[in-house]
Amino acid sequence: MGQWPGLIPTGGKRAVTRSHCGVLPAVDKQICSFQRWLIAYLGNIADPDHGQTILRFATWEVLPRLRTNSQKKPITPAARRHAADQVKQATALLAWLTDRDHTLGTCGQTGIDAWHAEQNEYTRNTMRAFLLWYSTSKLTRPFRLPPVQIHRATPMAQPERVELIGRLLTDPNSPLRTRVAGVIVMLYAQPLRRVVRLTLDDIGHSNDQTLLRLGEPPSTVPEPLAELLHRWIDSRDNMNAVTNHASRWPFPGRRAGQPMHPDVLAALINDIGIPTIAGRTAAIRQHVLEMPAPAVAEALGYHRVTTAELASEAGGTWSRYATGDHTRSPAGGIPRGTDDS
């Protein structure tokens, strides 16, 4: 490990457990995992020059971005895998250039274009951070990169989405945890990385209604989902461990203080025939067709630009949305929620 200074993980799984118990400062387990993986990966790079380049890229670009993002919210397993893919693809590019007697400093725009022509879309997008870092570090001559191509999953038809929600709400043969998580995805257009990060504090009550805080204002939870949600909270799995008995996660994981892994939950939902990505895409498109895109963004935790683009793609007719406090009526009007009878 001494070959790679600054990359030695600070405690790994034990540090995560001890931080949950208050013995150590909080650490992000995904960053620890990435650091452990990176040390082993660097040791397997045969070309020393390539190893040093990848070390610099990981030290000055990949890790700082992960640490910055972790200050806003915990790093997800998907983000950790993406960081590892960036390192792997950067190594592959350096090897590709070496096979052609080139380096990034000598290949020029022609070499970059030739490499792009041979790669698939995911590889090109994953490599973008490395190429931009290499160029801005003035390690090569300036070059142009093609724009990022983003393709969204094809949404399912609305009748199919409604049928699947009904099945989740009424099927007694499917696990309760899977049913509740699946409905949250299909009804509120939530990615599973957000679903597993919900806490019991995000579930509230007002006027005999259950509320789920996904954004502002909290969303009303209709029956029978409200009854299923409370039944699941009272019978959650993975609550018997000493370090998990007071867990605030609606979907607790097996590790102390950690929620369920989103990939594990996705597999459970997909196993009962619920396509999470297509269902979430259908849900958000339906919401922006029925409500102004800014209101959807605020209520469901999306970015306004994202919902505006989705509304335009879906052919939504909402083109303007007045800002301000919509609980108040114009002067002379009757305030919402009052009764003049």
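The values are calculated or read from the model by the stated rules, or taken from the named source; none is laboratory data. No experiment lies behind these values; they were computed from the predicted model shown. Cβ: placed from backbone, ideal geometry, glycine included. Neighbour counts: every protein chain shown. Surface accessibility is based on the protein's heavy atoms, side chains included, excluding ligands, DNA and RNA. Shrake-Rupley method; radii C 1.70, N 1.55, O 1.52, S 1.80 Å.
One residue stands out among those in segment 287-297 that are assigned to a helix (DSSP H, G or I) and either more than 21 Å from the chain's Cα centre (by Cα) or without any contact (Cβ under 8 Å) to a residue 40 or more places away in the chain (or both): the one that is surrounded by the fewest Cβ atoms within 10 Å (Cβ to Cβ), which is GLU290.
For segment 84-136, name all the residues that are free of Cβ contacts under 8 Å to residues at least 40 places away in the same chain, of a type in the set (Asp, Glu) and in a helix (DSSP H, G or I). Result: ASP99, ASP113, GLU118, GLU121.
Within segment 70-80, the residues that satisfy the criterion of being surrounded by 15 or more Cβ atoms within 10 Å (Cβ to Cβ) and without any contact (Cβ under 8 Å) to a residue 60 or more places away in the chain are SER70, ILE75, ALA79, ARG80.
So, of the residues in segment 160-184 that are among the hydroxyl-bearing types (Ser, Thr, Tyr) and part of a helix (DSSP H, G or I), which turns out to be nearest to GLY253 (Cα to Cα)?
Across segment 160-184, the extreme among qualifying residues is THR178.
Considering only residues in segment 109-165 that are among the hydrophobic types (A, V, I, L, M, F, W, C) and surrounded by fewer than 12 Cβ atoms within 10 Å (Cβ to Cβ), the one that is modelled with the lowest pLDDT turns out to be ILE150. For segment 231-269, which positions are hydroxyl-bearing (Ser, Thr, Tyr) and at pLDDT 75 or above? Once the filter is applied, which keeps residues that are hydroxyl-bearing (Ser, Thr, Tyr) and at pLDDT 75 or above, segment 231-269 yields SER235, SER247. Checked against (1) in a helix (DSSP H, G or I); (2) touching a Pro at 6+ places or on another chain (Cβ under 7 Å); (3) surrounded by 20 or more Cβ atoms within 10 Å (Cβ to Cβ), ILE233 passes all but condition (3). LEU104: open to solvent by less than 70 Å² (accessible area, probe 1.4 Å), more than 24 Å from VAL264 (Cβ to Cβ) and touching a helix residue (DSSP H, G or I) at 6+ places or on another chain (Cβ under 6 Å), yes or no? For LEU104, the condition - open to solvent by less than 70 Å² (accessible area, probe 1.4 Å), more than 24 Å from VAL264 (Cβ to Cβ) and touching a helix residue (DSSP H, G or I) at 6+ places or on another chain (Cβ under 6 Å) - is met. Here GLU216 qualifies as open to solvent by 50 Å² or more (accessible area, probe 1.4 Å) and assigned to a loop (DSSP other than H, G, I, E, B).
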